[in-house]
Amino acid sequence: MAGAAKQTAAIELPPLNIQTLDVPIIGDSPLICHAWSAKAQKQMLDKQMKKASAGKVAKDPWRDFCETLYWLDGMPEMPIEDDVVAGRFGFPSIAFKAAAITAVTTIGSLTKVMARQCFHISGEMVEILGPAPSMRQDTVRVGMGTADIRHRAEFETWGAILRVQHNANVLSAEQVVSLIEAGGFGVGIGDWRPEKDGVHGRFHVARPGEEIPCR
């Protein structure tokens, strides 16, 4: 009938089924940290602001080592060895999620877009558990193949507990754990990880009875 009001079908969206689980992981190879140092950030900002370069300063291996760490309680102004031994350190939570997302292609028909939207790792940082880190020295290539010496922090033995929120309507707890396991095996986190043709930063989900490293 002309002029009759059109009826619009109601759209019903199922409620999200958000669940939280703690996933303990254990490192299978050393984790190399490389946080952006205050010096590096200042150099980038000065360059963007067209400030004159102050020139190169003498290397300070200990300072460089300390600045590659993610200090959960803030880095002391003049850190000493005791500070490192007693300190709490973390690693960006997004790195663990990125590893799992990259590994999505190895698990069924799940897409990266779907996985990225359906689970999150809580917090900005995940605390790294285990013995205090040590300093490693490596020769690296930068720029146009120029060689340089880098001093970075390395956790030889390490573990962590990932607090994960997921939409159980899309991803089950078992699927989330499988994604994290696949990311730890084939992608890794930190410098020289498998994703970057390295062998560091690999991990696995702790099996029943396995203990996470502690100090």
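A few comments on the model shown:
- Candidate set from region 67-92 (those that are assigned to a loop (DSSP other than H, G, I, E, B) and among the charged types (D, E, K, R)); member that is nearest to residue 134 (Cα to Cα): 88
- Any hit, region 13-33, residues being hydroxyl-bearing (Ser, Thr, Tyr), at pLDDT below 80 and part of a loop (DSSP other than H, G, I, E, B): no
- If the condition is being without any contact (Cβ under 8 Å) to a residue 60 or more places away in the chain and in contact with a strand residue (DSSP E or B) (Cβ under 6 Å, 6 or more places away or on another chain), then region 105-121 contributes 118, 120, 121.
- From 99, 115, 103, residue being among the small types (Gly, Ala, Ser), buried (at least 20 other Cβ atoms within 10 Å of the Cβ), modelled with pLDDT under 90 and in a helix (DSSP H, G or I): 115
- Output for region 187-213, where each listed residue is among the acidic types (Asp, Glu) and touching a residue at least 24 places away in the same chain (Cβ under 8 Å): 191, 195, 210
- Cross-chain or 6+ apart pairs with Cβ under 7 Å, region 165-186 first and closer than 10 Å to residue 102 by Cα and among the aliphatic types (A, V, I, L, M), then modelled with pLDDT under 95 and surrounded by 18 or more Cβ atoms within 10 Å (Cβ to Cβ): 179/103; 179/104; 179/115; 182/103
- Of everything listed in (1) in contact (Cβ under 8 Å) with a residue 60 or more places away in the chain; (2) among the basic types (Lys, Arg); (3) not in a strand (DSSP E or B), the single unmet condition for residue 136 is (3).
- Of the residues making up region 167-190, those that are within 18 Å of the chain's Cα centre (by Cα) and either surrounded by fewer than 20 Cβ atoms within 10 Å (Cβ to Cβ) or not in a loop (DSSP other than H, G, I, E, B) (or both) number 11.
- Close Cβ contacts (under 6 Å, 6 or more residues apart or on different chains) running from residues in region 143-156 that are closer than 28 Å to residue 71 by Cα to residues that are among the small types (Gly, Ala, Ser) and assigned to a strand (DSSP E or B) comprise 154/134.
The values are calculated or read from the model by the stated rules, or taken from the named source; none is laboratory data. None of these values were measured; they are calculated from a predicted model. Positions of Cβ are backbone-derived with ideal geometry, glycine not excepted, and every protein chain shown enters the neighbour counts.
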